[in-house]
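Below: the structure, in C-alpha cells.
The values are calculated or read from the model by the stated rules, or taken from the named source; none is laboratory data. Just so it is clear, the model here is predicted, and its values are computed rather than measured. Virtual Cβ from ideal backbone geometry, glycine too; neighbours counted across all protein chains shown.
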Amino acid sequence: MTVSGVQWQEFLAGLDYPVSREDLVRWGQENGASTEMLQMLRALPAEQFDSPAELHEALGTLA
C-alpha cells in the first residue's frame, strides 16, 4: 500500500511549522501513523520543513 497525498494531508493537518523531521516522526508515533508512513517520515531528506508545501514536496520525492 502506498500513502496518498490526501492521506498525508489529513494526517498532517494541524501541524505547526517550521517542523523538524524528528518532530514529524514523534507526531506520527503519537497519532497512529502506519508503519509505511513512519518509514517515509524517517527517510525525509531535510532536517526541517518551513511550510506544508515544502513537506509535501519532500514526501513526493519518496513515493
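Residue-level analysis places Arg21 among those that are farther than 15 Å from Val3 by Cβ, at pLDDT 90 or above and under 9 Å from the mean Cα position of the chain (by Cα). Contact annotation: residue pairs with Cβ atoms under 7 Å, 6 or more positions apart or on different chains, pairing a residue in segment 16-44 that is touching a residue at least 12 places away in the same chain (Cβ under 8 Å) and among the charged types (D, E, K, R) with a partner that is part of a loop (DSSP other than H, G, I, E, B) and surrounded by 14 or more Cβ atoms within 10 Å (Cβ to Cβ), are Arg21/Leu44; Glu36/Val3.
The chain holds no helices (runs of 4 or more DSSP H) entirely within its bounds that carry 2 or more residues that are surrounded by 10 or more Cβ atoms within 10 Å (Cβ to Cβ) and touching a Ser or Thr at 6+ places or on another chain (Cβ under 7 Å).
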